[in-house]
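Structure first, then comments.
FYI, it's all coordinate maths here, none of it is from the lab. Everything numeric here is computed off the predicted structure, so don't read it as measured data. Counting neighbours? That spans all protein chains shown, and the Cβs are built from the backbone with ideal geometry, glycine included.
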Amino acid sequence: MLELKDINVSYGAIHAIHDVSLTVNDGEIVSLIGANGAGKTTILHTITGLKKPSSGIISYDGKDLIKTEASKIITLGMAHVPEGRHIFPSMTVFENLEMGAYIRNNREEISESINEVFERFPRLKERKKQLAGTLSGGEQQMLAVGRALMSKPKIILMDEPSMGLSPLLVKEIFAIIREVHRQEITVLLVEQNAKMALSIADRAYVLETGHISMSGDAKELLNNEKVKKAYLGL
């Protein structure tokens with residue numbers, strides 16, 4: 001479904017991403033783990049066209065994403081839940097969800113999708129007229145995921161969805177990711193919480209200072225001694 005081959009990304013003289021290659025197959029949850037500053041967010045920004053690579057290939061369902069305008073990528077069935085959520089704080093919950101469906105035209109289907117989001121996230125339904133900026137961190141993350149679902153994506157890229165949340169809310173967010181996946185949506189998950197990310201993923205990649213240092217079955221990486229020591233605090 002999604003393939004990166006020998007991607008290099010620079011910020012001026014800083015070579016941030018070095019020959020990164022990874023694949024995400026249809027129906028998978030693939031995790032990209034690594035320390036803060038390793039380049040995980042840069043990779044997602046490069047996939048979604050927010051940052052152009054200096055070299056390499058990015059293909060999605062056979063389409064060249066590097067040659068595709070960032071504003072057009074969402075129309076291909078790809079949604080991005082960014083780090084820090086980036087909901088529209090001065091708009092209501094309902095209006096945020098409507099914004100997630102801006103590429104769609106059928107009002108009846110959009111209304112059905114909003115009801116589906118409210119069924120999945122009852123707290124959002126309770127707060128549908130509330131300004132999004134007044135929601136708690138966990139509720140804002142639910143809204144960010146719900147907004148992404150409104151575009152009817154085939155794949156969702158999630159960037160640090162558990163950041164800044166309490167342990168109880170972290171468990172809830174990961175349960176939401178599992179539920180999204182059960183809806184036949186492929187997931188590329190960027191996370192610093194390596195234990196949680198590896199526990200729900202099919203496969204995973206470990207990113208260290210812009211390089212892929214390890215990759216393979218997520219459960220095997222969860223039991224890898226190097227991963228345990230570097231990322232699981234064991």
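Simple rule: put +1 on each Lys or Arg Cβ and -1 on each Asp or Glu Cβ in the chain, find the dipole, and look at ILE212, VAL117, ILE155; the Cα lying farthest toward the positive end is VAL117. In the chain, excluding the sites themselves, the longest stretch lacking any of the trypsin sites (Lys or Arg not before Pro) that are in a DSSP loop with at most 12 other Cβ atoms within 10 Å is 130-234.
Under 16 Å of direct C-alpha separation, and excluding same-chain neighbours fewer than eight residues apart, LYS229 reaches these aspartates and glutamates: GLU208, GLU220. With the convex hull of its Cα atoms as the shape, segment 46-107 has an orientation-averaged projected area of 5.5 nm².
Which longest uninterrupted range of the chain lacks any GluC sites (Glu not before Pro) assigned by DSSP to a loop state (not H, G, I, E or B) and surrounded by at most 10 other Cβ atoms within 10 Å? Result for the longest clean stretch: 70-183. Across all Cα atoms of segment 1-97, the radius of gyration (one decimal) and Dmax (whole number) stand at 14.6, 43 Å. The chymotrypsin sites (Phe, Trp or Tyr not before Pro) found in segment 148-234 include none that occupy coil by DSSP while having at most 15 further C-beta atoms within 10 Å.
Listed cross-link partners LYS52/LYS154; LYS129/LYS152; LYS154/LYS195 are compared with a 32 Å cut-off, the Cα-Cα value being larger for no pair. When only the Cβ of Lys, Arg, Asp and Glu is charged (+1, +1, -1, -1), the dipole of the chain relative to its Cα centre reaches about 380 debye.
Could you state the angle between the C-alpha long axis of helix 167-182 and the longest principal axis of the C-alpha atoms of the chain, as a value from 0 to 90 degrees rounded to the nearest 10? The angle comes out at about 90 degrees.
Taking a point 7 Å from the Cα of ALA70 along the Cα-to-Cβ direction, the residues of segment 35-51 with backbone N closer than 20 Å to it are 37-51.
Only one of the values (i) 12.5; (ii) 10.8; (iii) 11.6 was calculated from this structure for mean projected area of the Cα convex hull in nm²; name its label. Recomputing mean projected area of the Cα convex hull in nm² here gives the entry labelled (i).
Any idea what angle helix 137-149 forms with the longest principal axis of the chain, computed on alpha-carbon atoms, 0 to 90 degrees, nearest 10? The angle comes out at about 90 degrees.
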